[in-house]
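> Let me give you the structure first, and then I'll get to my questions.
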């Protein structure tokens, strides 16, 4: 089973003078790491500056090749044509450098063998002059799971002043396009539909809009995750903004809303139209049927070169390995994740625009096909087509507009750990605990005041990271918190994702949670309305990137 990875045609990493010793060391049987000449610290092969002393005098140094598995998954989904599932993917730490980890493949193992703590050694596989380090088991006792990776450590910066940009703005309009699977519509038409709805919802005119903001913008790449960015939408709407913003490197997908708040609070504009469009379902269908050309192969650069050549091409693989570490360390199981999925589906049944509304039981969840252990079909969000628009306005203008304004008590944006899926936090997703702690450091309300939680569920495990990161339960306590599922139900002490989340309502990539928060706080959610909702928390993303909001009436 694991031997299929030896036959896979691997994408070629982007070899440079700064990483070539790593990719070619196997020719002489050496696993090489850069080592700082000043303080002796080993670094990951992607690093060219020591983060401890900031020196760039590094020497490539062989290490033993012995390692320990800290996260592992058996991938059952065909994500890459050249990799035939099932095949194992793991994150390992090398003995000499406990802070350096590799995403890799395991060989010589069965699915039953896979476990956190397994001791392994390097085995090289050569393809076209690249020597890929794979790992195979060794006959040694497992390493203690409790000691393998540290818990998230968060130190937040205190607010620089009592002046809060969040308190100078309001959410005055929301709009949603048609949402569904394979709508076969040009993506910008969805964007225009959502934007027109948001402008009308606020009681504004097109001429009132003086700012545009989005994620990921025109540079977001393919895959159906952008309509093309600000220029395409500006042209379609005929809006000539005095300020605009778009791009990938923001505090979660909803970082566009944070940037809009900053622009409005600093007087650059009065009404910013923020939009987020996805058309992943249609994009996939067009690729399948020849309506769009398939991406050309080539070398893989940047951070992806350390994962894609091992068939770890989906966030589902990366998050599955973190879930495996969490399961091993805290004794959790798939039923914990199932509580999230079943709750979201129950709520989606009350949401007329949710993609999937049919009832789902825990047995349905547990019996669904596995995607990447321990994640199954219903742990994964639903690719869809749709657009959501949010209007951020100057607070003083809100009293003159159509809708009850919704205010932002605080936003959490701080980075407190490595921006990586495998080098930083492993027990939880990176970029949940940092923004969560930053959020509470700026807030005037407390956890006890929260009436409804909108917690990202690109995968069910994301929600676990946000529940614990936001402090609704302690580290490793989500299993007990979710027992029975009553706490997070619509009538529970912390209703979670009343609209069905991305697991059932559809993957609107973060903006859907803000849309639902505003809908709940306005009291407009119909059958799924949380009685008396006045405070909503949003945990968006988790992984790379992440951010958080507290909204109030």
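> Take the residues in region 525-547 that are surrounded by fewer than 24 Cβ atoms within 10 Å (Cβ to Cβ), more than 12 Å from residue 499 (Cβ to Cβ) and at pLDDT 95 or above, then tell me which one is nearest to the chain's Cα centre (by Cα).
Only one residue tops the list, namely 535.
> Okay, next question. Which condition number does residue 81 fail, the rest of (1) within 25 Å of the chain's Cα centre (by Cα); (2) buried (at least 20 other Cβ atoms within 10 Å of the Cβ); (3) without any contact (Cβ under 8 Å) to a residue 40 or more places away in the chain being met?
Result: residue 81 fails condition (2) only.
> Could you check, for region 33-41, whether at least one of its residues is within 22 Å of residue 11 (Cα to Cα) and either assigned to a helix (DSSP H, G or I) or in contact with a strand residue (DSSP E or B) (Cβ under 6 Å, 6 or more places away or on another chain) (or both)?
Yes: region 33-41 contains one or more residues that are within 22 Å of residue 11 (Cα to Cα) and either assigned to a helix (DSSP H, G or I) or in contact with a strand residue (DSSP E or B) (Cβ under 6 Å, 6 or more places away or on another chain) (or both).
> Further question: Can residue 189 be described as in contact with a helix residue (DSSP H, G or I) (Cβ under 6 Å, 6 or more places away or on another chain) and either in contact (Cβ under 8 Å) with a residue 40 or more places away in the chain or in the same structural domain as residue 382 (by TED's automatic domain parsing) (or both)?
For residue 189, the condition - in contact with a helix residue (DSSP H, G or I) (Cβ under 6 Å, 6 or more places away or on another chain) and either in contact (Cβ under 8 Å) with a residue 40 or more places away in the chain or in the same structural domain as residue 382 (by TED's automatic domain parsing) (or both) - is not met.
> Just to be sure I understand, how many residues within region 338-383 are touching a strand residue (DSSP E or B) at 6+ places or on another chain (Cβ under 6 Å) and part of a loop (DSSP other than H, G, I, E, B)?
2
> Please go through region 384-401 and pick out each residue that is more than 23 Å from residue 502 (Cα to Cα), touching a residue at least 60 places away in the same chain (Cβ under 8 Å) and not in a strand (DSSP E or B).
Answer for region 384-401, where residues must be more than 23 Å from residue 502 (Cα to Cα), touching a residue at least 60 places away in the same chain (Cβ under 8 Å) and not in a strand (DSSP E or B): 395, 397, 398, 401.
> State which residue is farthest from the chain's Cα centre (by Cα) when the search covers only region 123-145 and only residues that are exposed (fewer than 11 other Cβ atoms within 10 Å of the Cβ) and over 15 Å from residue 92 (Cα atoms).
The initial filter retains those residues of region 123-145 that are exposed (fewer than 11 other Cβ atoms within 10 Å of the Cβ), namely 128-129, 139, 141, 144.
Then keep just the ones that are over 15 Å from residue 92 (Cα atoms); that gives 128-129, 139, 141.
Values: 128: 33, 129: 34, 139: 36, 141: 34 Å.
Only one residue tops the list, namely 139.
> So, one more: In the same structural domain as residue 136 (by TED's automatic domain parsing), surrounded by 21 or more Cβ atoms within 10 Å (Cβ to Cβ) and touching a strand residue (DSSP E or B) at 6+ places or on another chain (Cβ under 6 Å), is that true of residue 92?
Yes; evaluated as a whole, the condition is true for this residue.
> Would you list the strands (runs of 3 or more DSSP E) that sit entirely within region 115-184 and hold 1 or more residues that are closer than 19 Å to residue 412 by Cβ?
169-176
> Further question on the same structure: Could you tell me which numbered condition residue 335 fails, if it satisfies all but one of (1) more than 21 Å from the chain's Cα centre (by Cα); (2) buried (at least 18 other Cβ atoms within 10 Å of the Cβ); (3) not in a loop (DSSP other than H, G, I, E, B)?
Evaluating residue 335 over (1) more than 21 Å from the chain's Cα centre (by Cα); (2) buried (at least 18 other Cβ atoms within 10 Å of the Cβ); (3) not in a loop (DSSP other than H, G, I, E, B) leaves (2) as the failure.
> Criterion first (touching a helix residue (DSSP H, G or I) at 6+ places or on another chain (Cβ under 9 Å), buried (at least 18 other Cβ atoms within 10 Å of the Cβ) and more than 21 Å from residue 72 (Cα to Cα)) does residue 426 satisfy it?
no
> Count, please, the residues in region 42-84 that happen to be part of a strand (DSSP E or B), under 25 Å from residue 28 (Cβ atoms) and out of contact with any helix residue (DSSP H, G or I) (no Cβ under 8 Å at 6 or more places or on another chain).
8
> Of the conditions (1) in a loop (DSSP other than H, G, I, E, B); (2) at pLDDT 95 or above; (3) more than 19 Å from residue 423 (Cα to Cα), residue 27 fails just one. Which one is it?
(1)
> Same structure again: If you go through region 296-315 one residue at a time, do you hit one that is surrounded by fewer than 17 Cβ atoms within 10 Å (Cβ to Cβ) and without any contact (Cβ under 8 Å) to a residue 40 or more places away in the chain?
Yes, because at least one residue in region 296-315 is surrounded by fewer than 17 Cβ atoms within 10 Å (Cβ to Cβ) and without any contact (Cβ under 8 Å) to a residue 40 or more places away in the chain.
> A further question on this structure: Go through 98, 62 for me and flag whichever is over 28 Å from residue 287 (Cα atoms), assigned by TED's automatic domain parsing to the domain that holds residue 27, surrounded by fewer than 20 Cβ atoms within 10 Å (Cβ to Cβ) and touching a strand residue (DSSP E or B) at 6+ places or on another chain (Cβ under 7 Å).
On inspection, the qualifying residue turns out to be 62.
The values are calculated or read from the model by the stated rules, or taken from the named source; none is laboratory data. In this text, all values refer to a predicted model and were calculated from it rather than measured experimentally. All Cβ positions, even for glycine, are placed from backbone atoms using ideal geometry, and neighbour counts span all protein chains on display.
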